[in-house]
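*Asks:* Here you go, one structure.
The values are calculated or read from the model by the stated rules, or taken from the named source; none is laboratory data. Because the structure is predicted, anything quoted here is derived from the model rather than measured. With ideal geometry, Cβ positions are generated from the backbone for all residues, glycine too; neighbour counts draw on all protein chains shown.
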Amino acid sequence: MIRKYVALGVLVLAALLFLLWLAGQLGLLQGTPKAPLGVQQGRLAPPSLTQNSVSSQAGLHPDHPQAAYAAIEPFTPRAGETGADALERLTALLSQQPGTHITHQSDGYVHAEATTRWLRFVDDIELWHDPATGLVHVRSASRLGRKDFGVNRTRTEALRAAFVHGSPTQ
């Protein structure tokens, strides 16, 4: 009798996992950006209200409930490199990441979408060259869910590692 319930449980679990995968493949798990994208008054959007984003401008929102969780360093150009050149290099590196494509690029600003392989979740990645400081600010946020289990931070730090240790022509 117990084997019958275990088999039924396994069957139900397999069906639920299949339905979740199918929903992802049909684009039902993509979501929409939670905040307006782009640069408004010299700032990217604030971090998400839940633990699923990182932002190098989190410090501009000290009363934000996720400011500490979301805080991450901006990208600093190499010696002799302009912020615009650093942004160009970052954009090239970002476009090489699996599942990531550039959706918008304008003077000093880049928006990309990173899509997970199996469930097709989408994260928004923004890069902005701040001409006042020469830094390239970053914001990366999940569209769905309350937690991202560190995915946005890991992706951003992997981009930073490639940016710092990449070849000068990258």
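*Asks:* Out of the residues in the stretch 53-71 that are of a type outside the set (S, T, N, Q) and touching a helix residue (DSSP H, G or I) at 6+ places or on another chain (Cβ under 6 Å), state the one that is nearest to GLU126 (Cα to Cα).
*Replies:* My answer is VAL54.
*Asks:* Scan the stretch 117-165 for residues that are in a loop (DSSP other than H, G, I, E, B), surrounded by 14 or more Cβ atoms within 10 Å (Cβ to Cβ) and not hydrophobic (A, V, I, L, M, F, W, C) and jot them down.
*Replies:* Once the filter is applied, which keeps residues that are in a loop (DSSP other than H, G, I, E, B), surrounded by 14 or more Cβ atoms within 10 Å (Cβ to Cβ) and not hydrophobic (A, V, I, L, M, F, W, C), the stretch 117-165 yields ARG120, ASP130, GLY134, ARG143, GLY145, ASP148.
*Asks:* Now for a separate question. Go through ARG117, ARG143 for me and flag whichever is within 18 Å of GLY31 (Cβ to Cβ), touching a Pro at 6+ places or on another chain (Cβ under 9 Å) and without any contact (Cβ under 8 Å) to a residue 24 or more places away in the chain.
*Replies:* Step by step, each of ARG117, ARG143 is checked, and only ARG117 is within 18 Å of GLY31 (Cβ to Cβ), touching a Pro at 6+ places or on another chain (Cβ under 9 Å) and without any contact (Cβ under 8 Å) to a residue 24 or more places away in the chain.
*Asks:* I'm trying to understand the selection: among the residues of the stretch 79-94, which are surrounded by 13 or more Cβ atoms within 10 Å (Cβ to Cβ) and either without any contact (Cβ under 8 Å) to a residue 40 or more places away in the chain or not assigned by TED's automatic domain parsing to the domain that holds THR133 (or both)?
*Replies:* Once the filter is applied, which keeps residues that are surrounded by 13 or more Cβ atoms within 10 Å (Cβ to Cβ) and either without any contact (Cβ under 8 Å) to a residue 40 or more places away in the chain or not assigned by TED's automatic domain parsing to the domain that holds THR133 (or both), the stretch 79-94 yields GLU81, ASP85, GLU88, THR91.
*Asks:* Could I ask something else about it? Evaluate the stretch 148-170: report whether one residue or more is of a type in the set (Asp, Glu) and more than 15 Å from the chain's Cα centre (by Cα).
*Replies:* Within the stretch 148-170, none of the residues are of a type in the set (Asp, Glu) and more than 15 Å from the chain's Cα centre (by Cα).
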